Each structure stands twice: as C-alpha cells, then as structure tokens.
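Enquirer: Questions regarding the structure given below will be posed in turn.
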Amino acid sequence: MNDAATLEAKKLRPSDLWRLSTVGLRTRKLRSGLSALGISIGVAAIVAVLGLSSSAQAGLSNEISGLGTNLLVVQNGQSLSGSTAELPKPPRP
C-alpha cells in the first residue's frame, strides 16, 4: 500500500528540466510566441510611460525656469475649515 506519508517528493534534475522546457517550447510554438509578444509589449509600455512622465517633467521645469524666478510666488492657502493652511518645510539638501 502506498499512502501519502511514505511517498517522497522527487525533484527534477536540471538536465531533465531543460529537456522538458525545450519540448514545451517546440510543441507549443503559438503559445510561446504570444507569451514573448505579451512580455515585450508590457516592457515597451512601461518604458513609454516612464519616458512620457520624465519628458513632461523636464518640459515643465524648462517652462518654469523660462518665466524667471521673480514671477513664481508660493503662499499659504486656506484649509477646508477656512483656517490658514501650513506649507510643508522644504527638504534639506
């Protein structure tokens, strides 16, 4: 009788794992191709989003620096309760 307590878990050797993976890639070519396509589209989307945000930040910085330092003023506003809101302290370099 074989019960679960007497059975040992067997691990695949690296050579067996390599052989099994190559067989899977060769027999399921469409699945492999679509998986590679999905991964590449995902990576391209992340690169595009990061590139757009950094270029927008650079454009805004250039636009603000073009205005001059004396044209931009930051002041306290009002909170939801109507009292004066506190500005956060700038980080130390």
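Enquirer: Give G66, G33, G42 a once-over and let me know the one that is modelled with pLDDT under 85 and assigned to a helix (DSSP H, G or I).
Expert: Values: G33 fails: modelled with pLDDT under 85; G42 fails: modelled with pLDDT under 85.
When all the criteria are applied, what remains is G66.
Enquirer: May I pose another question? Only one of (1) modelled with pLDDT under 90; (2) under 27 Å from the mean Cα position of the chain (by Cα) fails for P14. Which number is that?
Expert: Only one criterion in (1) modelled with pLDDT under 90; (2) under 27 Å from the mean Cα position of the chain (by Cα) is unmet by P14, namely (2).
The values are calculated or read from the model by the stated rules, or taken from the named source; none is laboratory data. All figures in this text were calculated on a predicted structure; none of them were measured in a lab.
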